[in-house]
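Asker: Quick one: the structure is below, questions incoming.
The values are calculated or read from the model by the stated rules, or taken from the named source; none is laboratory data. In this text the structure is predicted, and so the values were computed from the model without any measurement. When we count neighbours, we look across all protein chains shown, and the Cβ atoms used for this are built from the backbone with ideal geometry, even at glycine. Accessible surface is based on the protein model in full, side chains and every heavy atom, while ligands, DNA and RNA are left aside. Shrake-Rupley method; radii C 1.70, N 1.55, O 1.52, S 1.80 Å.
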Amino acid sequence: MATPADITRIEVEDFLFLEAEMLDEWRLKEWLALFTLDASYYVPATDLTPEASPATSLFYIADDRSRLESRVERLLKRTAHSEYPRSKTRHLVTNVRIRERGADSIFVSAAFAVYRTKDAVTDLYVGSNRYRMVFEDGALKIREKRCILDLDGLKPQGRISILL
Amino acid sequence: MAGQSLQDTIRVDTARNLYKVARRNFVAQEILEAERERIFDRCWLYLGHASEIPQPGDFLTRVVAGRPIVFSRDKDGALHALLNTCPHRGAQVVRERQGNAKSFQCFYHGWTFAQDGKLRGQPGKESYDADFNRDGDADMLPVPRFEIYRDFAFVSFDRGASSLPEYLAGAAEYLDILADQSEVGMVIVGGTQEYAIRANWKLLTENSIDGYHAATTHATYLDYLKGAAGNLAKVPFSGVGRDLGNGHAVVEYRAPWGRPVAQWIPLWGEDGKREIEGIHARLCERFGKERGDRIALNSRNLLIFPNLIINDVMAVTVRTFYPSAPDMMQVSAWAIAPSEESDWARKYRLFSFLEFLGPGGFATPDDVEALEQCQRGFQNLREAPWNDISKGMGREQPSFDDEIQMRAFWSSWHARINTPADTSGEG
């Protein structure tokens with residue numbers, strides 16, 4: 001069983017590729033199960049530093065576990081108009097690096113490119129995902145996912161109605 | 001300019017209480033050109049908030065009506081709005097988004113300017129006449145008009161524009177209501193939400209002050225509020241829409257969501273209750289019960305014509321937007337808060353903001369979708385040429401979910417768009 005000390009980059013990549021597959025197939029409840037019960041999901045505004053705090057700065061998204069659950073619930077409704085009919089997405093994950101190994105967690109960075117297509121318009125979201133991951137009952141789980149966009153605002157994407 | 005095309009832009013039938021807006025107004029290139037000349041080049045436009053550049057030497061750069069502007073504070077603390085172009089050969093002098101500097105240097109040939117735009121020096125000075133800058137024409141130019149109301153800084157590119165308070169008309173009172181929420185000054189919280197919407201800019205003006213669309217467009221947000229325990233006060237939606245003059249308008253209403261200034265919801269707990277009630281009580285002490293209640297308990301969606309929105313709802317957002325094409329707008333939005341509020345209140349304010357507002361919230365993405373769907377629907381305009389904004393037109397006091405706000409905007413828009421530049425009295 002893997003531990004923070006000996007987990008390999010390939011094992012982490014497999015986990016991130018599975019996460020991407022779940023998102024692209026809209027298996028959102030399964031995706032939610034990849035997160036710990038105290039997890040956070042953050043997308044800072046693009047004029048903030050990557051380490052900014054959502055308690056003192058305006059983000060695009062700053063979900064605790066409860067809001068993240070509500071976000072998933074919302075996205076599965078027909079009344080989530082921005083994503084009904086659903087868009088097509090493709091999450092590409094690359095440049096995966098284990099940056100730190102702690103006693104009970106690892107810190108991982110991965111470059112991402114997410115394509116979203118709806119009504120014949122394709123938008124690209126590009127940036128770096130920073131994960132704090134822990135081991136729960138031998139399984140890797142996400143405690144924090146922070147998406148740092150390499151963009152100047154959401155121009156022309158206009159929204160982050162999908163999960164990055 | 002085809003004069004004919006600017007005339008049949010709205011149709012008002014007061015006998016039947018009908019108000020129609022031509023969909024062409026959202027689509028036609030010549031309408032956008034008329035708006036640039038007769039609205040954006042003449043009205044007072046929001047530049048920024050004094051709290052964004054608090055220290056001497058602070059500056060930020062921003063685009064207002066297509067012009068790159070430097071908003072700066074000089075060594076004596078005075079605020080300036082400069083055209084961000086070198087008087088020498090045109091390059092943008094300041095290229096950072098924001099910062100603090102003793103002077104600005106154009107990197108092209110090295111001309112240097114003070115924070116108020118005055119030329120400090122240029123390499124090879126001996127090659128110029130001694131009185132080279134006698135008339136100040138080698139200084140960075142200020143915007144033609146620059147005024148501040150309660151820390152909200154506005155510019156106008158029309159030298160002959162009326163004063164800012166005169167322009168603000170009935171909207172000034174609503175800036176007071178916001179500014180009075182702090183005893184030491186409101187502050188823009190760090191972080192800008194910037195996004196583009198593939199829709200005409202006027203659709204966002206309408207949408208931002210529309211009390212009618214929430215039940216269907218924001219069904220999932222309302223589900224969320226109802227679903228989470230303690231997220232709602234026992235307050236039904238009720239209120240009014242008002243025409244504030246000069247195209248400005250507001251909806252002012254009670255709503256069940258929590259307000260950091262100052263309507264408590266059970267989710268915030270007993271400690272939160274003490275804090276929120278303290279804020280409310282202090283407002284009543286400062287302004288009397290009636291006005292104190294109004295500031296604390298009412299929500300307000302305010303439009304300052306043509307494109308400044310200040311929505312004082314479950315948090316406060318300041319939002320402005322410009323067309324880059326008839327079917328594309330560029331939006332910037334900020335959060336504003338009393339600078340003295342507690343860490344707890346600031347955190348809940350920002351979380352409440354994000355639950356509803358902004359391109360990653362539970363509501364704004366559906367507004368973006370609605371606006372883009374309108375723009376697509378307008379492709380039918382030859383056969384289906386008119387929008388309807390008649391709701392509540394026959395009422396003496398229109399409700400918050402009527403459409404008087406849109407009519408106030410469009411009537412002013414129509415008057416301005418039909419006022420050519422040469423009759424504006426500009427010197």
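Asker: For a test of the definition: using alpha carbon positions, the gyration tensor, and the 1.5 limit on a/c, classify chain A as rounded, prolate or oblate.
Answerer: prolate
Asker: Now a separate question. Can you list the cysteines of chain B that have no other Cys Cβ under 4.7 Å away?
Answerer: Within chain B, the cysteines lacking a partner Cβ under 4.7 Å are B:43, B:284, B:374.
Asker: Separate question: If you take the charge dipole of segment B:169-417 about its Cα centre, with +1 on Lys and Arg Cβ and -1 on Asp and Glu Cβ, which of B:307, B:222, B:353 is farthest toward its positive end?
Answerer: In segment B:169-417, that residue is B:307.
Asker: List the pairs from A:155/B:20; A:145/B:226; A:77/B:391; A:145/B:347; B:273/B:347; A:29/A:88 whose alpha-carbon separation is above 21 Å, in the order I gave them.
Answerer: Flagged as over cut-off: A:155/B:20; A:145/B:226; A:77/B:391.
Asker: Total Å² of accessible surface buried at the B-A contact, 1.4 Å probe, nearest 100?
Answerer: Adding both sides of the contact gives about 3200 Å².
Asker: Using a 10 Å cut-off on Cβ atoms, rank the peptides B:172-183, B:342-353 from the highest mean neighbour count down.
Answerer: Descending mean neighbour count gives B:342-353, B:172-183.
Asker: List the residues whose amide H sits under 5 Å from the amide H of residue A:40, counting only those 5 or more places along or on another chain, with H placed 1.01 Å from N in the peptide plane.
Answerer: Under 5 Å from the amide H of residue A:40: A:144, A:145.
Asker: Moving to a separate point now. How large is the direction-averaged shadow of the alpha-carbon convex hull of segment B:77-194, in nm²?
Answerer: The orientation-averaged projected area of the Cα hull of segment B:77-194 comes to 10.0 nm².
Asker: Next question. Name the shape class, rounded, prolate or oblate, that the alpha-carbon gyration tensor gives for segment B:203-281, where a ≥ b ≥ c are the square roots of its eigenvalues, rounded holds for a/c under 1.5, and otherwise prolate holds if a/b is larger than b/c and oblate otherwise. Display every interim value, and only then the final one.
Answerer: Details: a/c = 2.95, a/b = 1.47, b/c = 2.01.
Since a/c reaches 1.5 but b/c is at least a/b, the shape of segment B:203-281 is classed as oblate.
Asker: For the protein assembly as shown, what is the per residue volume of the convex hull drawn over the alpha-carbon atoms, in cubic angstrom?
Answerer: It comes to 181 Å³ per residue, whole-number rounded.
Asker: Across the residues of B:342-351, average count of Cβ atoms on other protein chains within 10 Å?
Answerer: Partner Cβ neighbours, averaged per residue: 3.
Asker: Ratio of alpha-carbon Rg to the 2.2 N^0.38 Å globular estimate for segment B:332-422, to two decimals, please.
Answerer: 1.56
Asker: Given the options B:65, B:384, B:233, state which has the largest fluctuation in a GNM of chain B using a 10 Å cut-off (strictly under) for Cα springs.
Answerer: Sorting by GNM fluctuation, first place goes to B:384.
Asker: Continuing with this model, one more query. Peptide A:119-127: average number of partner chain Cβ atoms within 10 Å per residue?
Answerer: On the way: counts 5, 0, 2, 0, 0, 0, 0, 0, 0.
Going residue by residue through A:119-127 and averaging, the value is 1.
Asker: With a 1.4 Å probe and all protein chains in place, put B:202, B:234, B:125 in order of accessible area, largest first.
Answerer: Values: B:202 0, B:234 205, B:125 120 Å².
From most accessible down to least: B:234, B:125, B:202.
Asker: Amide H to amide H under 5 Å from residue B:146: which residues, 5+ apart in sequence or cross-chain, H placed 1.01 Å off N in plane?
Answerer: Counting only residues 5 or more places away or on other chains, the set is B:156.
Asker: Also: Once phi is turned into θ = phi - 60°, what whole-Hz ³J(HN,Hα) does the Karplus curve with 6.51, -1.76 and 1.60 give for every residue of segment B:136-150, x standing for Gly and Pro?
Answerer: Listing the rounded values in order: x, 7, 9, 8, 5, 7, x, 4, x, 9, 8, 9, 10, 10, 6 Hz.
Asker: Within 10 Å of each Cβ of A:57-69, how many other protein chain Cβ atoms are there on average?
Answerer: 5
Asker: Can you compute 3J(HN,Hα) from phi for each residue in segment B:38-55, using the Karplus curve 6.51 cos²θ - 1.76 cosθ + 1.60 with θ = phi - 60°, rounded to whole Hz and x for Gly and Pro?
Answerer: Per-residue couplings from phi come out as 9, 10, 5, 7, 10, 6, 6, 10, 5, 9, x, 10, 4, 5, 6, 10, x, 9 Hz.
Asker: Still on this structure, please answer the following. Quick one: Karplus J couplings for segment B:216-225, per residue in order, coefficients 6.51, -1.76, 1.60, θ = phi - 60°, nearest Hz, x for Gly and Pro?
Answerer: My calculation for segment B:216-225 gives 9, 4, 9, 3, 6, 5, 5, 4, 4, 4 Hz in order.
Asker: What is the percent of Cα-Cα separations in chain B that go past 27 Å? Write down the numbers at each step before the final one.
Answerer: Details: 50642 of 90951 pairs.
Considering chain B, 56 percent of its Cα-Cα pairs are separated by more than 27 Å.
Asker: If you build a Gaussian network model of chain B, linking Cα atoms that sit under 10 Å apart, which residue out of B:117, B:90, B:358 swings the most?
Answerer: Maximum among the listed residues: B:90.
Asker: Residue A:62's amide H: which non-local residues (gap 5+, or another chain) put their own amide H closer than 5 Å, with H modeled 1.01 Å from N in plane and none for Pro or chain starts?
Answerer: A:43
Asker: Which one, B:296, B:337, B:15, has the greatest fluctuation when you compute a Gaussian network model over chain B with C-alpha springs under 10 angstrom?
Answerer: Highest fluctuation among the options: B:15.
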